[in-house]
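Structure, as structure tokens:
The values are calculated or read from the model by the stated rules, or taken from the named source; none is laboratory data. Keep in mind that what you see is a predicted model, and the values were worked out from it rather than measured. Cβ placement follows ideal geometry from the backbone for every residue including glycine, while neighbour counts extend to all protein chains displayed. To get the accessible areas, we keep the full protein, side chains included, count just its heavy atoms, and leave off ligands, DNA and RNA. Shrake-Rupley method; radii C 1.70, N 1.55, O 1.52, S 1.80 Å.
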Amino acid sequence: MDTFRVSIEFEEILKGKSTDYTSLAHLEFINLNGVNLFHFIDKFISMVQSIPTVKSCVLSDCNVTEVLDSCLPVFQTLESLYLKRNSLDDDDTIKLSVLVSSLKNLSLATNRSTNIGIQKLMESVSKSSTIEMISLGDMMNFNDDCTKTISDHLLHQTSLTTLFLQLNQITDIGLHHLSNCLDSNRTLRKLYLHSNRIGNDSMGELCNALKRNHTIKKLTLQNNEIGNDGIKALFPCFYVNTSLNELDLRFNQFDDDCVHAIADSLVHNSTLTLLKLNGNNFGLVAGRLLLNLIKSNPVLSLPKVFPDDAFEDWDDDSDEEISELETISDQLNELSTLHYRSLIDFNRQAKVCFLTSRLVMMLGFSHEVAMMILAWLLPSDYREHKLNLILSANDQKFTSSELLRILTCLKLY
């Protein structure tokens, strides 16, 4: 089903006179971005109640604050609710907090709640076993006190995996609280902190937290105020950390002076696969060091460290240096693409191996048969490395003809 088309059809029926909802019978996702619900509230409630398959609703910029009380019973039937740009205040946020016991995803980004509303919301989040994503980015009244409230309630929360706090006024004080949270929380996977006011002073605490945290996978810190001292304090975590896959440090305030710290800590790190560094003040020293790093680390990608327009403002006297940097930039991009594609291919092959091993165990194939299946499925480079996945298979005997019939039925041959 074309979800976008059906969602448009939902909007057309909502604004029209039709009460025939049969074309929407299996609709799971509704996007009413920009529709003023105040004018259609009764019909909106009637439609959603008539379509039990609806699980996700995007109501950005829909004047929800005017009709929130009427909408709450409908919202309680959803799994995902996105309420960006609705001028929701503390009272509204407190009302919405009751939904956290059933929702998986809740976005309240770009609204007006203060720490009072966030406190009640996070009390509910701390007790929820279903909530997986909360977005509180770009909040008009957000400050470090709000960050402390969130951090305190996530210390032992066991379901939230993704937290958006971008475009707020979080400083080093706020990151101090979040670092304490990461010390204890073992569920959070993705943390978005870009476009705040985070500087150098909290990087040491973040480093220590990441040394002890083994679950965080993605961290965004771009568009902050992190300089050389902050980078030097942060990157020692990568001698120890074995979980962080993606780190975004674009458009901060560091330069060549800290690149030794980056390169030294990552040369033997096999976990961080994507590091975004463009928009900082790099020159030839950084270029050479990063090129040597990516040549030594076959899993790391460093995309567009030097953007296409990076050298436009350089002096004419720097032609030689620019020429070398352009060559380095091309090599960095080429190797980053190669490493990225290799990683995707490896993950795909690992998934195939995993599924094959499960199939082997379910059907009771012998080890020899399992090897033959893997030999058909996988490039030679992967065979021996992955054969240990099928060692627990039950031992059964198949003749060659039986095996061929099985593989043909499974469309593996």
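The listed residues T187, T158, once ranked by accessible area (1.4 Å probe) with the largest placed first, stand as T158, T187. A straight line joining the Cα centroids of the range 96-113 and the range 256-279 runs 36 Å.
Accessible area per residue (1.4 Å probe, heavy atoms of protein chains only) ranks L83, L335 as L335, L83, with the largest value leading.
Residues in the range 172-201 near a label at K211, defined as backbone nitrogen under 16 Å from the 7 Å Cα→Cβ point? What the label zone holds, given the 16 Å backbone N cut-off, is 179-180, 182-184. For the cross-link pairs K127/K218; K55/K304; K127/K232, the ones whose C-alpha atoms lie over 29 Å apart are K55/K304; K127/K232. With a cut-off of 17 Å on the backbone N, the residues of the range 318-344 near the modelled label site 7 Å out from D255 along Cα-Cβ are 318, 321-322. Beyond 16 Å, the tail of the calculated P(r) for the range 83-166 holds 43 percent of the Cα pairs. What the pair-distance distribution of the range 232-337 shows, using all Cα-Cα distances binned every 5 Å from zero, is 2, 13, 24, 27, 18, 9, 4, 2, 0 percent. Modelled spin labels at Q331 and N245, positioned 7 Å past Cα toward Cβ, are 2.9 nm from each other. Shown here for the range 83-188: trypsin sites (Lys or Arg not before Pro) in loop regions (DSSP other than H, G, I, E, B) with at most 15 other Cβ atoms within 10 Å, namely R186.
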